[in-house]
Amino acid sequence: MLNAYEERVEESLLNGKRQLSEGKFDEAVESFTYVINNELNQPLLRPHAYAGRARAFLESDQYKLAKYDIDSLNGIATQKKVDPEIHAQLSQLKNDLERKLDNMDLAMLIKQLGHELEPLRIKNSIKMLQAETFQLFSEVNELELAGIVKSQSKSDLVYACRLTSEGHFTCCTQNLRPCGGLKGSVCKHILVLLIGLAQADLIPLRRAYTWVRASQGYRHSFDKETVSGLFIRYKGAEAGEIDWRPTETIPEDYYMF
Ligand SMILES: [Zn+2]
C-alpha cells in the first residue's frame, strides 16, 4: 500500500507524462522535478522522472538542461537496476540531442548560447553586429579560432580574441590589456567573432556551441606570445603585406535576433 505522500509522488510522475504528451513542457518539467526531489521509497520512479524531464527540456530546445538530465540518467542506469524501458529511452534521448545539435541553425545557436552564458552577453554581441558592418580578420582551424574585432566605442582600439576547442579563451587590446568584459566567461568580442564566422560558414554551428560550452569551466587565460603574433599578422594584413580577405558581417543578418 502506498501512503498519501507516495501517492502524490506517483501521481506527479503520471501528470508529468501526460503534460509531456500534451506539449506542456514547462508544466511537465515541474511535475518531474517534484518526483526527482521527493521520491523516497520508490527508487524506480526517479529514472522515469529524469527521462521525462530530459525529454521536456529537449522538446523545448533547452539543450544544456537536457544534457544534464541525460547525464544524470546515464549515471543512474549504469549503477543501478532500472526498467529496460529506461535504457531504450536513454539511447533515444542521446540520439535526439545529437540530431538537434547537428541540425542547429544560427537562430538556434544564438538561443543556446543565451542558455549557456549570461543572456546579456549574447544580447550585447548581437547589438554590436546589428549596429555596423565588421571586417573580421580571423584564423580558424579544427582546434581553435582567433581573430581581431574592432572596438565600437573607441575607433583606434582593436581586440584580439581567441577560443580553443578545449575552452581556453582570451580577449585583449593591442596594448595587451585584458578586455574588461571577460569577467569569468567569453566576452562580446569573442562572441561577435564566433557568431560572425558561424554565419559565414567558416565554423560549423555545432562547433561554435560546443566550444563555448567547453569554455564554461575555464577562466580567461592570457598568452602574450600568441596574442602578439596575431596582432602582427593582422597589421601585416591591413598593410597589404599578406593576402587577407576579411569576413564581412552584415547588420541585416542580425535584425531578427
Ligand atoms: Zn572582449
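Quick note: the coordinates plus some simple rules give every number you see, no bench work behind them. The structure presented is a predicted model; accordingly, all values stated were derived computationally and were not measured. So basically every Cβ, Gly included, is an ideal-geometry build from the backbone, and we count neighbours across all protein chains shown.
Remarks
- Proximal charge balance of VAL29 [Cβ under 12 Å; K/R count +1, D/E count -1]: -2
- Note on the chain: GNM, Cα springs under 10 Å; of GLY240, GLY196, GLY16, the largest mean-square fluctuation is that of GLY240.
- Computed FRET value (nearest 0.05) for ASP223 with LYS183, which takes r as the C-beta separation and R₀ as 25 Å: 0.85
- Dipole moment magnitude, nearest 20 debye, region 151-207 about Cα centre, only Lys, Arg, Asp, Glu C-beta charged: 140 debye
- Förster radius 25 Å - calculated FRET efficiency between ILE232 and SER151 (Cβ-Cβ, nearest 0.05): 0.85
- Each of ILE70, ASN15, TYR34 was scored by the projection of its Cα onto the charge dipole of region 4-102, and the greatest displacement toward the positive side belongs to ILE70; charges sit on the C-beta of Lys, Arg, Asp and Glu.
- Between amide H atoms placed 1.01 Å from N, distances below 5 Å from GLU139 occur with ALA146, GLY147, all of them 5 or more places distant or on a separate chain.
- Here, P(r) means the percent of Cα pairs in each 10 Å bin from 0 to the largest distance; for the chain it is 7, 27, 26, 17, 13, 7, 2, 0, 0.
- Exposure proxy order (Cβ contacts within 10 Å, fewest to most) of LYS64, LYS188, LYS24: LYS64, LYS24, LYS188
- Near PRO43, once Lys and Arg are set to +1 and Asp and Glu to -1 for all other residues with Cβ below 13 Å from its Cβ, the sum equals -1.
- Rounded to the nearest 20 debye, dipole of the chain from Cβ charges on Lys, Arg, Asp, Glu: 640 debye
- Estimated 222 nm signal from helices in the chain, with DSSP H stretches of n ≥ 4 weighted -39500 (n - 2.57), rounded to 500: -18500 deg cm²/dmol
- Theoretical gain in end-to-end length, GLU144 to ASP201 [0.36 nm per residue, Cα-Cα removed]: 19.0 nm
- Residue-count net charge about GLU10 - beta-carbon cut-off 15 Å; Lys, Arg +1, Asp, Glu -1: -1
- Rounded Å value of the spacing that divides the Cα centres of region 7-74 and region 87-113: 18 Å
- Within region 138-195, the GluC sites (Glu not before Pro) that combine a DSSP coil assignment with at most 10 other C-beta atoms in a 10 angstrom radius are GLU142.
- Panel order for PHE32, PHE169, by other beta carbons found within 10 Å of each beta carbon, from fewest to most: PHE169, PHE32.
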